[in-house]
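**Student:** Quick one: the structure is below, questions incoming.
A short reminder: the numbers here are calculations on the coordinates, not readings from a lab. As the structure is a computational prediction, the values presented were derived from the model and not from experiment. Because the Cβ atoms are built from the backbone with ideal geometry, glycine has one as well, and the counts that use them run over all protein chains shown.
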Amino acid sequence: MSSRTLSFTVPPEGEGKRARAVMQSRLGLSAGLVTRLKHRPGSVRVNGVPARTIDLLHAGDRLEVDVGDAGESAFAPGGAALDVLWEDGDIIILNKPAGVAVHGRSDRREPTVGAMVAAYLGTAAPFHPVNRLDRGTTGVMCAAKTGWMHDRLRRILHTDAFRRNYLAICVGAPPERAGAVDLPIARFGEEKRFCVSPDGAPSLTRYELLAASGGLSLLRCRPETGRTHQIRVHMSALGCPLLGDRLYGRPSGLIGRPALHSASLELLHPLTGERVRAAAPLPGDMAALFPDGWE
């Protein structure tokens, strides 16, 4: 079991409130988590003494809540060393390499980000990815160290409090130097790919052309929603699929994966209010295609 204790001193206006109410309103715990903690002995303490979620609190009481996960990580430690971009007691932001699945299948013994995190943090630290990246996608990825923080981050995902920017190399170029693709996305039949469809979920991707050379274009993309394969589907719909994208374009001898990189992430820390920024440089296989750089 992982351990993460939140502490709160009850102010005068908290006099007579139940622990449950304070845990939800002041510590930001979901109703479901409070219910789970209710059945976990010793997870709630008042002035150092085990308490119930229905107990009344008084001004000056010290409420302590252990929001650590009850189980261990499902991943056996393994894989390459983790490239950590930013970290505190609740969040870890890393630079994901290409060719590594976030979860993967244990029966194939393939490398996963989960295994890399387990090797770095230990198996007592469960893995909660927030913005998941495809196997071939590189770059900035955020994970929470507890289910509690995962829930807090999921609430701000796809808002201005959690902004993501990607770099993509496309075959051809979009019709405008900058614009937005506002097209709904749905699963393509029973296949493991997606398509633009009027029956799909609302999806919005903003883009900006940074450079063009040799029939390729380098775009900065910002997804406002979080559909699976969103940037890949939207760029294909614009007529400029990602270079090397077998699903939505065609294979390429220039790169062996979809040329997509999660370049930067900026989030408002749910607990501290700090503005956290992390960035990862363009990987070599993509940078080699634009050696002269871009604007």
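**Student:** Per 0.36 nm of contour for each residue apart, how much would the distance between residue 56 and residue 110 grow if the chain were fully extended, relative to their Cα-Cα spacing? Intermediate results must be reported in sequence, preceding the final value.
**Tutor:** Details: separation 54, 0.36 × 54 = 19.44 nm, distance 5.04 nm.
Working it through step by step, the gained length comes to 14.4 nm.
**Student:** Rounded, prolate or oblate: which fits the stretch 240-295 when a ≥ b ≥ c are the square roots of the eigenvalues of the alpha-carbon gyration tensor, with rounded for a/c under 1.5 and prolate only if a/b beats b/c?
**Tutor:** Working: a/c = 3.69, a/b = 2.04, b/c = 1.81.
It comes out prolate by the Cα gyration axes.
**Student:** What helices does the chain have that are whole DSSP H segments, at least 18 Å long along their own axis by Cα, and with mean Kyte-Doolittle hydropathy of 0.0 or more?
**Tutor:** Length and hydropathy pass: none found.
**Student:** Moving on to the next point. Report, in debye and to the nearest 20, how large the dipole of the stretch 53-200 comes out about its Cα centre when Lys and Arg carry +1 and Asp and Glu carry -1 on their Cβ.
**Tutor:** 620 debye
**Student:** Let me make sure I get this right: for the chain, a, b and c are the square roots of the gyration tensor eigenvalues over alpha carbons, sorted descending. Under 1.5 in a/c it's rounded, otherwise prolate if a/b > b/c, else oblate. Which is it?
**Tutor:** Taking the square roots of the gyration eigenvalues as a ≥ b ≥ c, the chain is prolate.
**Student:** Defining a contact as two alpha carbons under 8 Å apart and six or more residues distant in sequence, what relative contact order in percent does the chain show?
**Tutor:** Reported relative contact order: 15 percent.
**Student:** Would you mind checking which residues have amide H under 5 Å from residue 172's amide H? H placed 1.01 Å from N; only 5 or more apart, or other chain.
**Tutor:** 216, 217
**Student:** Choose one answer from 243, 33, 157: the residue with the largest mean-square fluctuation in a GNM of the chain with alpha-carbon springs under 10 Å.
**Tutor:** Of 243, 33, 157, the Gaussian network model singles out 33 as fluctuating most.
**Student:** How about residue 17: which lysines have a C-alpha closer than 29 Å to its C-alpha, ignoring those fewer than 8 places off in the same chain?
**Tutor:** Here the lysines satisfying the reach criterion relative to residue 17 are 38.
**Student:** In the chain, if the dipole is taken from +1 on Lys/Arg beta carbons and -1 on Asp/Glu beta carbons about the Cα centre, which of 86, 287, 42 is farthest to the positive end?
**Tutor:** Final value for the positive-end residue is 42.
**Student:** Same structure, new question: Sum up the charges of everything whose Cβ sits under 13 Å from the Cβ of residue 278, counting Lys and Arg as +1 and Asp and Glu as -1, but leave residue 278 out. Present the calculation step by step, with values, prior to reporting the outcome.
**Tutor:** Numbers: positive: 96, 163, 164, 275, 277; negative: 83, 87, 88, 266, 274.
Summing Lys and Arg as +1 and Asp and Glu as -1 gives 0.
**Student:** 7 Å from Cα along Cα→Cβ at both residue 64 and residue 272: what's the point-to-point distance in nm?
**Tutor:** Rounded to a tenth, the inter-label distance reads 2.2 nm.
**Student:** Which value, in debye to the nearest 20, gives the size of the charge dipole of the stretch 178-295 about its Cα centre, when Lys and Arg are +1 and Asp and Glu are -1 at the Cβ?
**Tutor:** So the dipole magnitude of the stretch 178-295 works out to roughly 240 debye.
**Student:** Please work through the chain and write down the cysteines that have no neighbouring cysteine Cβ at a distance under 4.7 Å.
**Tutor:** 142, 195, 221
**Student:** Most fluctuating residue of 225, 137, 272 in a GNM of the chain with Cα springs under 10 Å: which is it?
**Tutor:** Fluctuation is largest for 272.
**Student:** Is the shape of the stretch 178-280 rounded, prolate or oblate, going by the alpha carbon gyration tensor and its root eigenvalues a ≥ b ≥ c, with a/c under 1.5 for rounded and a/b larger than b/c for prolate?
**Tutor:** The shape class here is oblate.
**Student:** Related question: Fully extended, how many nm does the chain gain between residue 160 and residue 178 (0.36 nm per residue separation, minus their Cα-Cα distance)?
**Tutor:** Residue separation times 0.36 nm, minus the Cα-Cα distance, leaves 4.5 nm.
**Student:** Checking the cross-link filter: which aspartates and glutamates have an alpha carbon closer than 17 Å to that of residue 96, excluding same-chain neighbours under 8 positions apart?
**Tutor:** List returned: 83, 87, 110, 134, 266, 285.
**Student:** Could I ask something else about it? Among 116, 235, what is the fewest-to-most ranking by other Cβ atoms within 10 Å?
**Tutor:** By the 10 Å Cβ count, ascending, the order reads 116, 235.
**Student:** Still on this model: Have a look at 242, 254, 219 and tell me which one the Gaussian network model of the chain (Cα, springs below 10 Å) gives the largest fluctuation.
**Tutor:** 254
**Student:** What is the distance, in nm, between label points placed 7 Å from the Cα along the Cα-to-Cβ direction at residue 246 and at residue 5?
**Tutor:** Here the answer is 5.1 nm between the modelled labels.
**Student:** For the chain, what is the charge dipole size about the Cα centre, in debye to the nearest 20, if Lys and Arg each add +1 at the Cβ and Asp and Glu each add -1 at the Cβ?
**Tutor:** 600 debye
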